[in-house]
Amino acid sequence: MAFFLTPMDRIDSTGSYRQGARDATGIPALVLAAGYMGFGALAAGNGLSFSGTLLSTVFIWALPGQLILVEMHTLGAPFFAVLLSVMISAVRFLPMTVVMMPLLREAPSRQPRYYAVAQLISMTGWAWAMARFPSIPPERRLGYFFGFALTLLASASAATALGFVAGDLLPPLAKLAFVFMSPIYFLLMLAGSTNDALGRAAIVFGAIVGPLAHLVTPQWSVMLAGLVGGTLGYAAHRAWRRRARSR
Amino acid sequence: MSEYMLLVIACGAGTYLWRGLGVAVSAKLSTDSELFAWVGCVAFAMLAGLVSRIVLIPSGALENTALWQRLAATAVALVVYFVVTKKNLLAGVLSSAAAMYVLLVAVAKSAG
């Protein structure tokens with residue numbers, strides 16, 4: 001939430017903020033809104049509170065972590081198991097931020113504004129920035145990203161609220177279809193996001209271990225899917241690569 | 001304050017930890033290490049396990065749908081996403097929800 005402490009005029013003397021906001025308005029915001037609407041409806045369907053669900057979008061700002069939180073909490077998982085799982089799902093932000101920071105500034109800097117912009121990094125914003133930054137002058141990138149990511153955050157928050165409320169307004173069958181958007185959004189994100197064999201191996205093993213672990217221990221199934229499935233995927237990929245090399 | 005609200009705040013702080021750490025160490029950390037590769041696998045597998053569990057053994061509202069309906073709607077999503085629209089996420093998600101709605105209505109009609 002530290003971005004409220006950074007006056008916008010200090011990072012936006014060139015209109016780059018508005019340019020970022022304009023670029024986000026359209027497909028990026030719309031796709032993300034579909035995911036967050038499904039998430040809002042899912043949380044409502046699980047009987048969770050409106051305020052907590054809306055706040056999770058602003059505070060966590062990572063839909064995978066939010067989905068893990070909502071599902072594990074609904075199944076009655078212990079506090080620290082939920083927290084640990086969400087934190088493991090968020091480790092990706094470390095390499096993502098490390099890769100992005102040098103593109104945002106000309107020299108290494110720890111000014112508060114960089115800690116503020118870090119809160120706004122999400123999968124959608126990061127991927128967009130990686131693709132778009134080369135064509136934006138370095139001094140305009142920080143303002144551009146603030147504009148882009150804050151627009152995403154605003155539309156995702158609105159979508160979370162709308163999805164949560166729409167569940168009650170829609171007829172029961174339409175609501176079920178609406179709730180189903182959330183897992184499908186992730187399924188397609190996962191299936192489409194990785195082009196390398198390592199990521200694919202992890203996804204396949206995780207998808208197998210997840211439901212099996214759920215039959216044994218629902219509360220720990222998410223973590224088991226990650227640790228067991230992920231390690232199996234990693235090991236299988238290594239073994240396969242070693243064999244391919246020794247041939 | 002409810003446990004849900006406390007979790008939201010704790011998970012928000014826990015997620016920010018990685019982002020803030022990324023800013024702090026960005027000048028001196030290489031991201032192509034084996035450790036990062038494994039952590040990436042764990043994160044991918046965790047999400048994949050969760051999604052396949054929700055489709056196969058859902059909790060909450062989706063318990064009121066049948067397995068074959070969920071699998072059929074998933075197939076529609078994959079075909080629209082990969083084959084018909086060449087990776088249009090919005091089209092894949094919306095067509096899958098539409099398919100799920102049609103299947104639910106069809107079953108409700110035939111049941112009475």
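The values are calculated or read from the model by the stated rules, or taken from the named source; none is laboratory data. Predicted, not measured: the structure shown is a model, and the values here were computed from it. Here the Cβ is made from the backbone with ideal geometry for all residues, glycine too, and neighbour counts use every protein chain on show. Each accessible area value is taken on the protein alone, full model and side chains, heavy atoms only, with ligands, DNA and RNA left out. Shrake-Rupley method; radii C 1.70, N 1.55, O 1.52, S 1.80 Å.
Within region A:159-168, not a single residue is of a type in the set (Asp, Glu), within 20 Å of residue A:15 (Cα to Cα) and open to solvent by 10 Å² or more (accessible area, probe 1.4 Å). The number of residues in region A:17-55 being more than 9 Å from every other protein chain (Cβ to nearest Cβ) and open to solvent by 30 Å² or more (accessible area, probe 1.4 Å) comes to 10.
Only one of B:12, B:49, B:22, B:92 is in a helix (DSSP H, G or I), surrounded by 22 or more Cβ atoms within 10 Å (Cβ to Cβ) and more than 19 Å from the chain's Cα centre (by Cα). Can you tell me which?
Values: B:12 fails: more than 19 Å from the chain's Cα centre (by Cα); B:49 fails: more than 19 Å from the chain's Cα centre (by Cα); B:92 fails: more than 19 Å from the chain's Cα centre (by Cα).
After applying the criteria, what remains is B:22.
Just one of (1) basic (Lys, Arg); (2) within 23 Å of residue A:119 (Cβ to Cβ); (3) facing chain A (nearest Cβ under 7 Å) fails for residue B:28. It is (3). Would you check if there is a residue in region A:201-215 being within 13 Å of residue B:50 (Cα to Cα), among the β-branched types (Val, Ile, Thr), surrounded by 22 or more Cβ atoms within 10 Å (Cβ to Cβ) and modelled with pLDDT of 90 or more? Scanning region A:201-215, I find at least one residue that is within 13 Å of residue B:50 (Cα to Cα), among the β-branched types (Val, Ile, Thr), surrounded by 22 or more Cβ atoms within 10 Å (Cβ to Cβ) and modelled with pLDDT of 90 or more, so the answer is yes. Could you say whether any residue in region A:149-158 is in a helix (DSSP H, G or I), within 14 Å of another protein chain (Cβ to nearest Cβ) and open to solvent by 40 Å² or more (accessible area, probe 1.4 Å)? Within region A:149-158, none of the residues are in a helix (DSSP H, G or I), within 14 Å of another protein chain (Cβ to nearest Cβ) and open to solvent by 40 Å² or more (accessible area, probe 1.4 Å).
Within region A:91-114, identify whether any single residue is over 16 Å from the mean Cα position of the chain (by Cα), touching a residue at least 60 places away in the same chain (Cβ under 8 Å) and open to solvent by less than 10 Å² (accessible area, probe 1.4 Å), and answer yes or no. No, there is no match, as no residue in region A:91-114 is over 16 Å from the mean Cα position of the chain (by Cα), touching a residue at least 60 places away in the same chain (Cβ under 8 Å) and open to solvent by less than 10 Å² (accessible area, probe 1.4 Å).
Please work out if residue A:81 is of a type outside the set (Ser, Thr, Tyr), assigned to a helix (DSSP H, G or I) and surrounded by 18 or more Cβ atoms within 10 Å (Cβ to Cβ). Before you say what the answer is, go through the steps one by one.
On the way: of a type outside the set (Ser, Thr, Tyr): yes; assigned to a helix (DSSP H, G or I): yes; surrounded by 18 or more Cβ atoms within 10 Å (Cβ to Cβ): no.
Spelling it out, it is not the case that residue A:81 is of a type outside the set (Ser, Thr, Tyr), assigned to a helix (DSSP H, G or I) and surrounded by 18 or more Cβ atoms within 10 Å (Cβ to Cβ).
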